[in-house]
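The values are calculated or read from the model by the stated rules, or taken from the named source; none is laboratory data. Quick caveat: nothing in here was measured; it's all calculated off a predicted structure. Because the Cβ atoms are built from the backbone with ideal geometry, glycine has one as well, and the counts that use them run over all protein chains shown.
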Amino acid sequence: MAPIHLSKHLLLRLLAYRLQAQTFGDLSPATRRLLDGLAKERKPSDGETVAVPLPGEGQLMTGTMLVREHDDQQHHVMVTEDGFVWNGITYPSLSKVAYAITGTKWNGPRFFGLRGKVVEEQQ
């Protein structure tokens, strides 16, 4: 019998993980060490939710195309060695591109979906 304090949603996620692990293999030792290290250094206080960065996050490779829809229009931004190209103009940061698109100050990585909002799971 499942512990009563675990939500149905969490139990389904745990079950799905176990089935995948049985089928495809569990986490590698290196991944386990990485996750353990992140958990130890990012312990939240009561009620606080902490976003944990993924390895390599923020490192976009040259040639990557970012796509964002804003005001019913798709915007394509190409990552280059010199910055970010949008509408033929090179910008030094994604935040500058987001400002050019929206006319308001944005966190560029968040605007392009590279850094999500932290959402608490509801039971």
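State yes or no: is THR62 surrounded by 11 or more Cβ atoms within 10 Å (Cβ to Cβ), modelled with pLDDT of 80 or more and under 22 Å from ARG115 (Cβ atoms)? No: the conditions fail for THR62. Taken over segment 70-101, the residue count meeting the criterion of being hydrophobic (A, V, I, L, M, F, W, C), surrounded by 13 or more Cβ atoms within 10 Å (Cβ to Cβ) and in a strand (DSSP E or B) is 6. Of the set (1) at pLDDT 85 or above; (2) within 30 Å of HIS5 (Cα to Cα); (3) surrounded by 10 or more Cβ atoms within 10 Å (Cβ to Cβ), all apply to PRO29 but (3).
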